[in-house]
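Here is the structure we will look at, set down as structure tokens.
The values are calculated or read from the model by the stated rules, or taken from the named source; none is laboratory data. Please read all numbers here as calculations on a predicted model, not as lab measurements. Cβ placement follows ideal geometry from the backbone for every residue including glycine, while neighbour counts extend to all protein chains displayed.
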Amino acid sequence: MQVTFVGGGVLTRHTARLLAPRGDVVRVVSPNPCDVPGLWTLGDAITGRGVRRAVRGSEVVVWTASTQEDIEELYGLGARNMVQAARQEGARIVLCGPRGSHQGSRSRSLRAWAAASEDCHDLEPELHELRLPAMFARDGHLAGPWLGSEVIRVPESEARLAPLWVGDAARALVRAIDDALDVGIYSLRGPEEVFMGQIAEQIAARTGARIGVIPPLRRRTEDLGRLPDQLAEHDDWAALGCGDRKTLSQWLEDVLGPPPPN
């Protein structure tokens, strides 16, 4: 099966590592080269440049793209360009977007994805969509950068989050790619709720790092602002048939070992 991803981030990497050993042909469309076991194709989802050519011959086309900039253009134009190209090719479509998306959200990215998702479902009702929370991984934005830090700088926030291990998100995505789920939207979350400070404490207990609380970084304020909407949305994990999810503590024990005894 040929599977084409539009977006070359952490979720694409982990999902491609599950697909490649099965013999699936993986192609990734991205403006920049990416470390994925598959064929990289230069393309720009917003303009549509290279997307139609990249999806040629694909049986499944998957949207995993995200950005900190130009979010309305990427979601509004890019996802639509991908869906149109996939439909012309007769490929099945899977979308991955942020959990908690709705038009009334105070989060710009959640509003943008809600509008893009509605547009894509209007274009192609027979598609799968996974809505995902913040995800942790060694090569991800959450927790990963702190693993080797002497000082863990934690953005000040009262918000809780329910992070999902990216390996579990990849397993869920493979289910959608294999057409093993009913058509529709699946909103997913991790198995536990934590504060950012608690994540830092669990890492520091294993690495000996110091923790410093800092004001939210300007470029991350949007991420922190969308956490309440993401936490409030229902959880469809049980409907996927993917078994148990890995907790943050279990993942940290796999990566760093158990915390030292007190």
Across the range 59-73, what is the total count of residues that are in a helix (DSSP H, G or I) and modelled with pLDDT of 95 or more? 0
For the range 182-213, give me the residue count where each residue is in contact with a strand residue (DSSP E or B) (Cβ under 7 Å, 6 or more places away or on another chain), in a loop (DSSP other than H, G, I, E, B) and over 14 Å from Arg131 (Cα atoms). 2
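Counting only residues that are touching a Cys at 6+ places or on another chain (Cβ under 7 Å) and farther than 15 Å from Pro125 by Cα, which one in the range 63-107 is surrounded by the fewest Cβ atoms within 10 Å (Cβ to Cβ)? Explain how you work it out, then say what you get.
Step one: filter the range 63-107 for residues touching a Cys at 6+ places or on another chain (Cβ under 7 Å), giving 63-64, 79-80, 83, 95.
With farther than 15 Å from Pro125 by Cα added as a condition, the list becomes 63-64.
Values: Trp63: 26, Thr64: 24.
Filtering the range 63-107 for residues that are touching a Cys at 6+ places or on another chain (Cβ under 7 Å) and farther than 15 Å from Pro125 by Cα, the one surrounded by the fewest Cβ atoms within 10 Å (Cβ to Cβ) comes out as Thr64.
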When (1) buried (at least 20 other Cβ atoms within 10 Å of the Cβ); (2) of a type outside the set (Lys, Arg); (3) closer than 26 Å to Gly104 by Cα are applied to Asp236, the one that fails is (1)
Within the range 1-35, residues within 12 Å of the chain's Cα centre (by Cα) and hydrophobic (A, V, I, L, M, F, W, C) come out as Val10, Leu11
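Considering only the range 164-210, state which residues are of a type in the set (Asp, Glu), farther than 18 Å from Asp139 by Cβ and out of contact with any His (no Cβ under 9 Å at 6 or more places or on another chain).
At the first step, the residues of the range 164-210 found to be of a type in the set (Asp, Glu) are 168, 178-179, 182, 192-193, 201.
Then drop every residue that is not farther than 18 Å from Asp139 by Cβ, which leaves 178-179, 182, 192-193, 201.
Selection gives Asp178, Glu192, Glu193, Glu201.
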All positions within the range 96-155 that are in a helix (DSSP H, G or I), charged (D, E, K, R) and touching a residue at least 60 places away in the same chain (Cβ under 8 Å): Arg108
Output yes when any residue across the range 140-154 is closer than 22 Å to Trp63 by Cβ, surrounded by 16 or more Cβ atoms within 10 Å (Cβ to Cβ), in contact with a Phe, Trp or Tyr (Cβ under 8 Å, 6 or more places away or on another chain) and at pLDDT below 95, and no when none is. yes
Residue under evaluation Thr47, criteria (1) more than 19 Å from the chain's Cα centre (by Cα); (2) buried (at least 16 other Cβ atoms within 10 Å of the Cβ), criterion not met: (2)
